[in-house]
């Protein structure tokens with residue numbers, strides 16, 4: 001999946017030009033620095049720097065994406081024409097705020113689930129902001145999570161509506177396997193009977209959808225008994241509070257919350 005060009009985001013924000021700065025400012029030059037207003041996992045710093053570079057400014061990074069930064073820490077210095085600094089200010093901060101929020105919440109959930117079962121993976125979903133999915137998925141990676149599918153062409157995931165049309169788990173898996181030998185076949189199941197059928201049909205990944213931890217645990221044990229190579233994924237309405245409850249009954253926990261509900265982290269830009 002390719003990212004939307006940063007120049008397109010700049011054009012969206014600038015339109016015909018920054019009439020405020022063009023009215024008040026000339027060609028004054030100087031520096032600005034961006035600081036974190038709270039502790040977080042840094043993400044979007046690379047994109048912020050590229051936005052300013054696109055506007056003809058010089059940047060110096062004082063932090064690294066994927067690393068923890070402290071409240072008050074300076075993360076980026078920008079130098080050049082000040083009206084251009086202000087032109088890119090909001091867009092650069094938006095990238096950092098949104099992506100750092102996702103990375104931070106992902107890291108928190110990875111750590112909480114890892115305390116229950118080391119090695120369990122935390123994955124994103126396709127519940128993302130249209131046009132911004134690439135960056136939200138990147139932020140998940142920076143937080144220690146897995147991006148899961150980027151789009152519908154990225155993997156075979158047989159869901160309830162597919163099953164309603166095809167008629168059975170076994171037939172759906174058969175068709176998927178016949179289509180491609182190189183793609184993993186994942187099936188979403190809602191109860192123990194479907195989980196057993198998917199395992200016997202040869203699914204590579206079985207998603208336990210909207211199950212309570214007790215039922216998920218029973219399905220996990222039965223799936224592994226049938227075929228230990230199968231990856232078991234738990235999904236459906238997961239939150240930071242409930243995700244750890246599934247750490248012992250899944251190899252992967254997919255959680256849309258980290259991309260659709262994570263709180264943005266606050267950063268500030270000040271002219272020096």
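How many residues are in contact (Cβ under 8 Å) with a residue 12 or more places away in the chain, part of a helix (DSSP H, G or I) and either surrounded by 14 or more Cβ atoms within 10 Å (Cβ to Cβ) or touching a helix residue (DSSP H, G or I) at 6+ places or on another chain (Cβ under 6 Å) (or both) when one looks only at region 164-191?
7
Within region 142-175, track down each residue that is farther than 22 Å from residue 9 by Cα and under 13 Å from the mean Cα position of the chain (by Cα).
Within region 142-175, 143, 144, 145, 146, 147, 148, 149 meet the criteria.
State yes or no: is residue 232 under 23 Å from the mean Cα position of the chain (by Cα) and assigned by TED's automatic domain parsing to the domain that holds residue 158?
Answer is yes for this residue.
Residues in region 214-233 that are in contact with a helix residue (DSSP H, G or I) (Cβ under 9 Å, 6 or more places away or on another chain) and closer than 14 Å to residue 254 by Cα: how many?
Residues flagged as in contact with a helix residue (DSSP H, G or I) (Cβ under 9 Å, 6 or more places away or on another chain) and closer than 14 Å to residue 254 by Cα within region 214-233 amount to 2.
Search region 192-228 for residues being in contact (Cβ under 8 Å) with a residue 12 or more places away in the chain and assigned to a loop (DSSP other than H, G, I, E, B), and hand back the single one that is farthest from residue 158 (Cα to Cα).
Among them, the one singled out is 227.
Conditions first: (1) more than 22 Å from residue 8 (Cβ to Cβ); (2) in contact with a strand residue (DSSP E or B) (Cβ under 8 Å, 6 or more places away or on another chain); (3) crowded, with 23+ Cβ neighbours inside 10 Å. Residue 78 passes all but one, so which condition is the exception?
(1)
The values are calculated or read from the model by the stated rules, or taken from the named source; none is laboratory data. Source: prediction; values computed, not measured. All Cβ positions, glycine included, derive from the backbone under ideal geometry; neighbour counts span all protein chains shown.
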